[in-house]
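Working notes, beginning with the structure itself.
Since every read-out is calculated from the coordinates, none of them should be taken as a lab result. Keep in mind it's a predicted model, so treat the numbers as computed, not measured. Reconstructed Cβ throughout: ideal geometry from the backbone, glycine too, with neighbour counts over all protein chains shown.
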There are 2 protein chains.
Amino acid sequence: MSEGVEWGLHACIALDWIGDRPVSTAKLASTFELPAPYLNKHLQALARAGIVTSTPGPRGGFRLARDLSEVTLLDVVTAIEGREDAFRCQEIRQRGAGASSDPDAFRKRCAIARAMRSAEIAYRRALAAKTLADIRDAAERDAPRAAARTREWHQSDKES
Amino acid sequence: MSEGVEWGLHACIALDWIGDRPVSTAKLASTFELPAPYLNKHLQALARAGIVTSTPGPRGGFRLARDLSEVTLLDVVTAIEGREDAFRCQEIRQRGAGASSDPDAFRKRCAIARAMRSAEIAYRRALAAKTLADIRDAAERDAPRAAARTREWHQSDKES
C-alpha cells in the first residue's frame with residue numbers, strides 16, 4: 001500500500017479541523033512536512049472520488065466535499081489505491097498440465113481465487129465499517145490539542 | 001501482492017497431488033508454464049517457512065513438509081510476501097503542525113494506524129481460517145480430473 005493512504009487520511013482530518021475553506025496543497029503539505037507535488041497527486045485522487053473538492057485560482061485549494069461521517073476508510077483506500085484486489089488471479093490452472101482439461105473444469109472461479117476473494121471482502125468490510133469521523137474522534141481523545149494546533153498552524157504564515 | 005502467492009499456492013496443491021517424492025523446479029514450473037528461476041525463488045521462501053522441504057542433487061526437488069490441512073493461506077501469503085502490514089504508519093502526525101505537541105499526545109498509536117491494523121487483522125483471520133486442504137478439496141470438486149491430470153503430467157517426459 002502506498003504512503004498516499006496515510007497522507008490522504010491525515011489530510012482529510014486536517015481539512016475537517018481547519019474548517020470549510022479551501023486550503024492550498026502547499027499549506028496542507030507543510031502541516032505534515034510532505035512533498036507538495038506528491039501530496040497533490042493524492043488530493044486529486046480524493047477529488048475524483050468526491051471526497052474533497054478542488055477550487056482553482058490563487059485563493060483556491062482543497063476542502064472536504066462531505067462530512068467525515070460520510071467517508072469511510074474504504075473510500076479513501078479505494079480512491080488512492082484503486083479498486084483492484086491485492087490478489088490477482090492469472091488462471092495458471094489452465095496452463096501446462098491443465099491446458100487440455102475439459103472446459104467444464106474451469107466453469108467456476110479457481111478455488112484459490114475464491115478463498116483470496118473472501119479474505120479481501122473481510123478486509124474491505126472492516127475498512128467500510130470505520131468512518132473518518134470515528135478516527136477523528138479517536139484522534140481528538142488521544143490528543144485534545146491536535147485540532148486547535150492544526151487550526152493555529154493554518155492561520156500562521158508557515159508556507160502559504 | 002506478487003504473483004508468487006498464486007504460484008506458491010498452486011505449487012503446494014500440485015505437490016500434494018503428485019505425492020510424497022521430490023519434484024524438480026523445472027517440472028513444477030512446466031506444470032503451469034511458469035519461469036523456473038522465479039518459481040524457484042518462491043519455493044525457497046516456502047522452504048524457509050517450513051511448508052516444503054528441498055532435497056538437493058540431480059534427483060532432488062521439492063516436496064511438502066506437512067499435510068495441506070496444516071498449512072493455511074496465511075502461512076503461504078506470509079512466507080512469500082513477508083510479515084509486514086499493507087499499511088505502514090510513518091507517524092506523520094508528529095511532523096509540522098504536530099512537532100511541538102506534548103509527547104503525551106503520541107503515547108497511543110495513531111488512530112489511523114489502529115483502524116488500518118484492525119482491518120489487517122480481519123484480513124489475516126480470514127486467510128488463517130482456510131487451509132490448503134480446504135482449497136484442494138474445493139478444486140477437486142470443481143475439476144474431478146485435475147489431480148489425475150497433474151500426476152500424469154509428472155509421470156510424462158515433459159521437461160524434467
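Observations on the structure shown:
- The range B:109-138: trypsin sites (Lys or Arg not before Pro) in DSSP coil with no more than 14 other Cβ atoms inside 10 Å: B:Arg109
- Unit charges at the beta carbon, dipole of the range B:1-148: most positive-side option, B:Val77, B:Leu28, B:Leu39: B:Val77
- Each Lys and Arg Cβ is given +1 and each Asp and Glu Cβ -1; about its Cα centre, the range A:1-78 then shows a dipole of about 360 debye.
- Leading residue at positive end of dipole, the range B:112-160 (Cβ point charges), from B:Ala128, B:Ser156, B:Ala113: B:Ala113
- Inter-probe distance in nm under a simple model that places probes 7 Å from Cα toward Cβ, at B:Gln90 and A:Arg88: 2.4 nm
- Pseudo-label separations to other copies for A:Asp102 - Cα-to-Cβ vector, 7 Å, nm: 7.2
- Take the Cβ atoms of A:Glu70 and A:Glu140, set R0 to 22 Å, and the FRET efficiency comes out at 0.75.
- For the range A:59-122, GluC sites (Glu not before Pro) meeting the loop criterion (DSSP other than H, G, I, E, B) and having at most 10 other Cβ atoms within 10 Å: A:Glu84.
- Shielding of A:103-111 by partner chains, average beta-carbon count, 10 Å: 5
- Shielding score for B:85-93, defined as the mean number of other chain Cβ atoms within 10 Å: 6
- Estimated [θ] at 222 nm from DSSP helical runs (n ≥ 4, -39500 (n - 2.57)) normalised by residues in the protein assembly as shown, nearest 500: -16000 deg cm²/dmol
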